[in-house]
1. Output the number of residues of segment 453-473 satisfying the condition of being more than 19 Å from the chain's Cα centre (by Cα) and surrounded by 15 or more Cβ atoms within 10 Å (Cβ to Cβ).
2. Provide a single number: the residues in segment 261-289 that are open to solvent by 40 Å² or more (accessible area, probe 1.4 Å) and either in a helix (DSSP H, G or I) or among the charged types (D, E, K, R) (or both).
3. For segment 112-132, name all the residues that are in a loop (DSSP other than H, G, I, E, B), touching a helix residue (DSSP H, G or I) at 6+ places or on another chain (Cβ under 6 Å) and within 18 Å of S146 (Cβ to Cβ).
4. Look at V311 and say whether it is closer than 21 Å to Y283 by Cβ, touching a strand residue (DSSP E or B) at 6+ places or on another chain (Cβ under 9 Å) and in a helix (DSSP H, G or I).
5. Out of all the residues in segment 423-437, is one or more free of Cβ contacts under 8 Å to residues at least 40 places away in the same chain and within 25 Å of V116 (Cα to Cα)?
6. Quick check: anything in segment 241-248 on the phi > 0 side of the Ramachandran plot and either among the polar types (S, T, N, Q) or touching a residue at least 40 places away in the same chain (Cβ under 8 Å) (or both)?
7. Under 8 Å between Cβ atoms, which residue pairs at least 6 apart in sequence (or on different chains) link something in segment 133-160 that is at positive phi with a partner that is in a helix (DSSP H, G or I)?
Amino acid sequence: MAEVGFHVILTTFLAGIFLIAVVVLLCYFTCRLTGSLPVEREKDPKFWNAWAQRTLKNALTLEKLNKNTAKNIILFLGDGETQHHYFSIPPPPPPPTEQQLIIDCLPNTYNTNAQVPDSAGTATAYLCGVKANEGTVGVSAAAVRSQCNTTEGNEVTSILRWAKDAGKSVGIVTTTRVNHATPSAAYAHSVDRDWYSDNEMPAEALQAGCKDIARQLFENIPDIDVIMGGGRKYMFPKNTSDVEYPGVAKHSGTRKDGRTWWRSHYVWNKKQLLSLNPNNVDYLLGLFEPGDLTYDLERNIETDPSLTEMVDVAIKILRKNTRGFYLLVEGGRIDHGHHEGKAKQALHEAVEMDRAIGRADLMTSVHNTLTIVTADHSHMFNFGGYTARGNTIFGLAPMLSDVDQKPFTSILYGNGPGYKMINGARENVSTIDYQENNYQAQAAVPLNMETHGGEDVAVFAKGPLAHLLHGVHEQNYIPHVMAYAACIGQNKEHCKLSSGTAGLRPVLSSIAALLTVTRLLC
């Protein structure tokens, strides 16, 4: 028997080596073919016809729906992510190297009391499955913002709680404060998204028994397995010096109750995070800044982890659970870049989230992991001006205004801090560095902070029951799909009729992973 087992192992090993060799060769030739004359190939109708036929063939295979039970669920949320595809994907994309089940649909983003939503009401929708008022997290629309006495009885729970109650490991990774609007809806019930610590709460709310969001992070669901992001100062007593910025008052602790919130494994810099052995860590708290994490363009790569690195560690810890996991990942500073009118910061944040999605894709299997990528709302962000292919998105449109005869950038905002008038006329952008990281793109209406947009956003999904996301849906539909696919929460009757989580297909999964590597390398 031992000899037979050895031959099986040897055969599998040699087959793996052969597959790797084939993929490397495919990657080499594909890269050479797709990278040599990208412009010339587009002149040939055969290129477009062949590409369309491949796409058609892949589309036809979608009839073979993945009806497995989702052991794992990953939700990637780009806060305020809008039309970023033209920046993050070089045109034209290479021919597909593997079939991907990606369903494009449009969730309605409005809050119950607002046509144009905020991140709190939307987070309650796509995490708790219930539409809510703007500015409130983890409570129904019966709760009124900032009115503490409307909290009790109106609490709603999130899919993170549903997953934890089902025995799965759960995690939150964000580039904002861990008690910011998006992550807080996963665990907190607060009528005001700005109640980060008791320092930001009115005295009457504290006297009425309402709790700050940082406190709820550790009390409501005390066994969240992984928490990573920013927000250190909300966990420490008032005036406690920050470990990274000692003596800087604005980074000191804020809590009035004198309490310090801690976990067994606590890290605050990249070196500590990457030195952890995930096999020895069951609960992790990583707080890498006093407030939000720095923009990726300004990140100290020696001391501050990227979103991709945080996601990598999170999955390594969470996947140890044989029952699977739920992971919420937020590219939260996309939103902040747009609010500040700094399109370059926002778009580079979006690209970093794209990298994190790619890393998660390599670490999981489409057979048992439902991955959803979406946004909570859009922004007043626009891109146009008849720019030619190959033009940098941060450059000028290839024309002057036919009204004031001045140039304008391809990126513009409908409103925001980029509105500038010089001597009663629009600023001439050719006289300034419009490609600088913190350049604020011109805006039509002057505001200190740019606003959200009200249009629907896209959802991309792959894995078990991804086909349940199709067409146009209300935003609160999303967590119900995740729960149904994973057989958690309500709607479990279908689980009794199935055989449960489908068995993994190791050989096919390996091939898929190798092909994914090929796609990334090429």
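The values are calculated or read from the model by the stated rules, or taken from the named source; none is laboratory data. Given the structure is predicted, the values throughout are model-derived calculations rather than measurements. Ideal geometry is used to build each Cβ from the backbone, glycine not excepted, and the neighbour counts take in all protein chains shown. Calculation scope for accessible area: heavy atoms of the full protein, side chains included, ligands and nucleic acids excluded. Shrake-Rupley method; radii C 1.70, N 1.55, O 1.52, S 1.80 Å.
1. So the count comes out to 6.
2. 6
3. Across segment 112-132, the qualifying residue is only A132.
4. Working: closer than 21 Å to Y283 by Cβ: yes; touching a strand residue (DSSP E or B) at 6+ places or on another chain (Cβ under 9 Å): yes; in a helix (DSSP H, G or I): yes.
When the stated conditions are applied, V311 passes them.
5. The answer is no, given that none of the residues of segment 423-437 is free of Cβ contacts under 8 Å to residues at least 40 places away in the same chain and within 25 Å of V116 (Cα to Cα).
6. Initially, segment 241-248 is screened for residues on the phi > 0 side of the Ramachandran plot, giving 247.
Pick out the ones that are also either among the polar types (S, T, N, Q) or touching a residue at least 40 places away in the same chain (Cβ under 8 Å) (or both) and you get none.
Checking segment 241-248: not a single residue is on the phi > 0 side of the Ramachandran plot and either among the polar types (S, T, N, Q) or touching a residue at least 40 places away in the same chain (Cβ under 8 Å) (or both).
7. Close Cβ pairs (under 8 Å, with a partner that is in a helix (DSSP H, G or I)) amount to G135/A120; G135/G121; G138/T124; G138/C128; G138/S184; S146/A205.
Quick grid of which residues meet (1) in the same structural domain as K250 (by the TED database); (2) closer than 23 Å to A181 by Cβ; (3) surrounded by 22 or more Cβ atoms within 10 Å (Cβ to Cβ); (4) in contact with a strand residue (DSSP E or B) (Cβ under 8 Å, 6 or more places away or on another chain):
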| site | (1), (2), (3), (4) |
| --- | --- |
| G291 | yes, yes, no, yes |
| D304 | yes, yes, no, no |
| R319 | yes, no, no, yes |
| R359 | yes, no, no, no |
